[in-house]
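First up is the structure itself, then whatever we jot down about it.
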Amino acid sequence: MSEQVVVSERAPPLKKVGKGDTLLQVRNLRKYFPVTEGILFQKAVGHVKAVDDVTFEIKKGETLGLVGESGCGKTTTGRCILQLERPTAGEIVFEGVNLEKLDSKALSPLRQKVQVIFQDPYSSLNPRMKVGDILGEPMRVHGVYPDSAERNKRIAELLNYCGLPSKFADRYPHEMSGGQRQRVGIARALCLNPDFIICDEAVSALDVSIQAQVINLLEDLREEFDLTYLFIAHDLSVVHHLCNRVAVMYLGKLVELAESDELFDNPMHPYTRALLSAVPVPDPSKEAQRQHQVLKGEVPSPLNPPPGCVFHPRCTLAVDSCRKEIPPLRELRPGHWVACTEV
């Protein structure tokens, strides 16, 4: 299955988006990775369906949480939005511009608007560069602050915004703790004045106490700079605290999408219920009384997903039609979308 890219000489003008308007639209997104055999003449023998027909939108100023177990396609979705991976099919529309119709040259000015905070603060920073150079390089490349004095002033401001003293600009990453490195990663994401930031497991590699500080920092920065987040995470308690809406993925499919409080108070999809039942409750007496929903079997391979609903081999509600038909994402309550015909 080949990927088609329409080349454009320059990026079209972006549409002005106000708070509450749609900033990003992902429509029928698919990303299939070919599996090949042979050494000299490689032949595709199958495809890993990492993301399979995913549709959602994000409004200006909100935080959408994207959750699911490892391998479900969360990070690949984020990388497709960033155009680090070219989708196999589908559309990604940012501020009215379809990113799929742009080549790398036309994408360059749009990359200022969309930034990312990576998961691992130890491998996402160049160990041979000082913090000031790490933050200054994107400003210099994109011409945001061409004057070195202005650039240094902006670097100091960003470090202070992220809770680090300006003297850290002269440090190397190995001289800093994990939490401090992640703050540098956040400052790097802010240095081009973006509108939209993808947080790819931005706190999962940190200690719990440091996680709380970084989450509070992300909240403060969202209000300060009018940012919009796609927050990819495993920790559902963090997602509940930070996100306005939550999307649940399973084996490359979107199975449920709702407001955060609505999803946690009234989960409808069987997979979402199983995920939430695994979240521990701080009160031991309540935890002892809870009924945990243990899923049978294991996650199928994305190389050979089951027909029909991808969750049906592990679902207690599955009927014959679930094995044959792919359930559409239906709005069962206002703003609450579920891909299940048995709820």
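Residue-wise test of (1) outside the structural domain of residue 32 (by TED's automatic domain parsing); (2) at pLDDT below 90; (3) in a loop (DSSP other than H, G, I, E, B).
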position: 231; (1), (2), (3): no, no, no
position: 238; (1), (2), (3): no, yes, no
position: 248; (1), (2), (3): no, no, no
position: 264; (1), (2), (3): no, no, no
position: 275; (1), (2), (3): no, no, no
position: 295; (1), (2), (3): no, yes, yes
position: 298; (1), (2), (3): no, yes, yes
So how many residues does the stretch 68-119 have that are in a strand (DSSP E or B) and either without any contact (Cβ under 8 Å) to a residue 60 or more places away in the chain or of a type in the set (S, T, N, Q) (or both)?
2
Got a number for residues in the stretch 280-308 being in contact with a helix residue (DSSP H, G or I) (Cβ under 9 Å, 6 or more places away or on another chain) and loosely packed, with under 13 Cβ neighbours inside 10 Å?
10
Would you say residue 128 is part of a helix (DSSP H, G or I) and either in contact with a helix residue (DSSP H, G or I) (Cβ under 7 Å, 6 or more places away or on another chain) or under 24 Å from residue 174 (Cα atoms) (or both)?
no
In the stretch 201-217, which residues are outside any loop (DSSP other than H, G, I, E, B) and crowded, with 22+ Cβ neighbours inside 10 Å?
214
Does residue 330 satisfy being in contact with a helix residue (DSSP H, G or I) (Cβ under 9 Å, 6 or more places away or on another chain), without any contact (Cβ under 8 Å) to a residue 40 or more places away in the chain and in the same structural domain as residue 45 (by TED's automatic domain parsing)?
no
Residue that is modelled with the lowest pLDDT [pool: residues in the stretch 103-137 that are surrounded by fewer than 15 Cβ atoms within 10 Å (Cβ to Cβ), among the small types (Gly, Ala, Ser) and farther than 19 Å from residue 195 by Cβ]:
104
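The values are calculated or read from the model by the stated rules, or taken from the named source; none is laboratory data. Small disclaimer: the values here were computed from a predicted structure and weren't measured. As a convention, Cβ positions derive from the backbone with ideal geometry for all residues, glycine included, and neighbour counts pool all protein chains shown.
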